[in-house]
Every structure is written in C-alpha cells, then in structure tokens.
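A.B. asks: The structure is given below, and queries will be raised subsequently.
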Amino acid sequence: MTAADQPHTLDLRDESRPRMAALAGVQQREEGQTLELLFAEEPSLLMQAVALMMRNRFHWEVAEADHGTWRVRVVDRDAVEPDSLTELLSRDHERLDRLFAIALQHANKGEVDAALPLVESCYQGLRRHIYCENDVLAPHFGIPEESPHGDPTNTMLHEHDNILQELAEIREMASLGEAADASMIAALMGILSGGLAKHEGREEQNLFPQWDAALRREPAPGLLERAKGILNGAEDDRLPE
C-alpha cells in the first residue's frame with residue numbers, strides 16, 4: 001500500500017483559522033488519497049468556500065457528526081459521480097481544457113493534422129456545454145435585465161458567443177490541410193486558451209454559487225440528469241448552428 005492509499009486524518013478542532021488550515025490540508029493531499037478533516041463546528045459553508053478557492057477540484061462530504069465533532073471526507077473528484085449541477089459543469093470545463101491543451105501542444109509543434117481532431121472534439125463539446133448553459137440553465141434560473149455594471153449571467157452569454165466564434169475560426173483554419181498556417185493557429189489557440197480560463201473562472205466563482213443557492217431554495221429534480229445527457233450528446237439535434 002502506498003502513502004496515497006492510506007487515509008490521512010487532520011484534526012482542525014482547535015484551529016483558530018480552520019478554513020485556511022483546511023485549504024492547506026486539501027492542497028497538500030496526494031492524488032488518490034482520502035483525507036479526513038475533523039471540525040468542532042458544522043463545516044458545510046467552510047468547505048464550500050475551500051472548494052470554490054480550488055475551483056472544485058476535489059469531492060467532499062460530511063461523513064458523520066458525533067459528540068461535537070464533524071468529520072469531512074475529501075477524495076479525488078473523479079472518484080465519484082458528480083452530485084451537483086455546478087460540479088458537472090466544472091468537470092466539463094476541465095475536460096475541455098485538457099483537450100484544448102493537447103491540441104495546442106500539437107499546434108505549437110506544427111502538427112496541425114494531429115491538432116485538428118482534438119479541435120473538432122473541443123468545438124463539439126463547447127457547443128453542447130454552451131447550449132446547456134445558454135438555452136437550458138440560464139432560462140431556468142432567470143436572465144436579469146442588462147445593467148451598466150453587468151451581471152454574471154449576461155456576462156456569460158456574451159462571452160459564449162465570442163468563444164465559440166473564435167474556436168470556429170481556428171477549426172476552419174486547421175481544416176485547410178497543407179495550406180494551414182500552424183504558427184497562426186497556435187497563436188490564436190494560445191489567446192483563446194487564456195480567455196477560456198478567465199471565462200471559466202468567472203462562471204465558477206460568480207455564477208455557479210448563485211445557481212447552487214437557487215437549487216437549495218427550490219430543488220429541480222431532473223435538471224442534473226438532463227444536463228448530463230446534453231453533455232453526452234442527447235440533444236445534439238437541438239444545438240444552434
């Protein structure tokens with residue numbers, strides 16, 4: 001058994017700053033390791049903050065509470081099925097980011113033929129993801145009227161149009177075969193990669209907490225399963241061209 005296989009317990013009951021201690025513990029956790037955190041007070045809000053600071057890159061659950069001690073179990077996010085809508089969307093962000101990063105590596109090496117199928121997969125995945133957020137989730141949770149300072153939902157909708165258009169242009173350039181300009185494609189992909197990261201960060205930090213709060217107030221049975229289906233292609237016939 002490796003160190004990563006052995007559960008590790010971190011007692012935070014006497015910590016004066018338990019949130020920062022929990023954050024440090026989660027950051028130091030080895031991949032594949034189960035971490036158990038002990039708290040003196042109910043830790044759900046604290047763990048939500050820690051998860052947000054780490055872009056929800058781990059799964060946590062309150063395992064039990066007994067005699068004034070709350071136990072929180074922390075594991076790799078991929079070890080469990082997504083149990084919330086925003087966790088599902090965050091995971092899809094990461095999946096698309098990984099695909100795009102590999103495509104960019106190929107483009108940087110001048111390997112446009114190798115980059116193209118990955119760009120195609122990213123394009124299809126983004127169309128599904130954006131359809132899910134724009135056409136299903138935003139109407140469900142409500143789209144506020146435009147404001148001079150902007151709001152997370154309208155910001156998301158505007159950015160989606162630009163992101164998809166930029167990726168469509170990259171896809172078209174990469175499909176030119178021997179006539180494709182690898183250096184130009186790599187440069188455009190690098191710019192889009194940075195824009196995607198900022199966009200996803202804004203969604204996960206500003207918009208997703210609002211959606212989570214709305215679902216706690218008014219649960220929507222079936223919404224998570226529908227979103228899973230959309231991301232897996234169940235509604236491809238409805239995707240905007």
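A short reminder: the numbers here are calculations on the coordinates, not readings from a lab. Note that the structure is predicted; figures quoted are calculated from it, not measured. Note that each Cβ is placed from the backbone with ideal geometry, even for glycine, and that neighbours are counted across all protein chains shown.
A.B. asks: If each residue of separation counts as 0.36 nm, what is the full-extension length gain between residue 154 and residue 176 once their alpha-carbon separation is subtracted?
C.D. replies: Numbers: separation 22, 0.36 × 22 = 7.92 nm, distance 3.46 nm.
Extra length from residue 154 to residue 176 when fully extended: 4.5 nm.
A.B. asks: Also, I was wondering about something else. How big is the dipole moment of the stretch 153-241 about its Cα centre under a simple scheme where the beta carbon of each Lys and Arg is +1, that of each Asp and Glu is -1, and everything else is neutral? Debye, nearest 20, please. Show your work: numbers first, answer last.
C.D. replies: Numbers: 8 positive and 17 negative charges, 96 e Å.
In total the dipole reaches around 460 debye.
A.B. asks: Let me ask something else about it. With an 8 Å Cα cut-off and a minimum separation of 6 or more residues, compute the relative contact order for the stretch 85-238 in percent. Can you show the working numbers first?
C.D. replies: Values: 116 pairs, mean separation 52.6, N = 154.
About 34 percent, as a whole number.
A.B. asks: Select from the stretch 124-214 those chymotrypsin sites (Phe, Trp or Tyr not before Pro) which occupy a DSSP coil region and have at most 11 other Cβ atoms within 10 Å, ordered by residue number. Present the calculation step by step, with values, prior to reporting the outcome.
C.D. replies: Working: sites: 131, 141, 211; in loops: none.
Passing sites in the stretch 124-214 do not exist.
A.B. asks: Let me ask something else. Placing +1 on the Cβ of each Lys and Arg and -1 on the Cβ of each Asp and Glu in the chain, which of 134, 59, 124 has its Cα farthest towards the positive end of the resulting dipole?
C.D. replies: It is 59, whose Cα lies furthest towards the positive end.
A.B. asks: How big is the charge dipole of the stretch 3-79 about its Cα centre, in debye rounded to the nearest 20, if each Lys and Arg gets +1 on its Cβ and each Asp and Glu gets -1 on its Cβ?
C.D. replies: On the way: 9 positive and 14 negative charges, 72 e Å.
Dipole about the Cα centre, nearest 20: 340 debye.
A.B. asks: Which cross-chain or sequence-distant (5 or more) residues have an amide H under 5 Å from the amide H of residue 8, H modelled 1.01 Å from N in plane?
C.D. replies: Excluding prolines and chain starts, which carry no amide H, the hits are 34, 35, 36.
A.B. asks: Given the Cα-Cα distance of residue 84 and residue 187 and 0.36 nm per residue of separation, how much length would full extension add, in nm?
C.D. replies: Numbers: separation 103, 0.36 × 103 = 37.08 nm, distance 3.56 nm.
Between residue 84 and residue 187, full extension yields 33.5 nm more.
A.B. asks: Here's something else I'd like to know. Taking the Cα centre of the chain as the origin, how large is its charge dipole in debye, to the nearest 20, when only Lys and Arg (+1) and Asp and Glu (-1) carry charge on their Cβ atoms? Intermediate results must be reported in sequence, preceding the final value.
C.D. replies: On the way: 23 positive and 45 negative charges, 92 e Å.
The dipole of the chain has a size of about 440 debye.
A.B. asks: Also, quick follow-up: Can you tell me, using C-alpha contacts under 8 Å and at least 6 residues apart, the relative contact order of the stretch 3-79 as a whole percent? Walk me through the numbers before you get to the answer.
C.D. replies: Details: 129 pairs, mean separation 24.8, N = 77.
The normalised contact order for the stretch 3-79 reaches 32 percent.
A.B. asks: Still on this structure: Report P(r) for the stretch 3-79: all Cα-Cα distances, bin width 5 Å, range 0 to the bin holding the largest distance, values in whole percent.
C.D. replies: In whole percents, the pair-distance histogram is 3, 17, 31, 28, 16, 5, 0.
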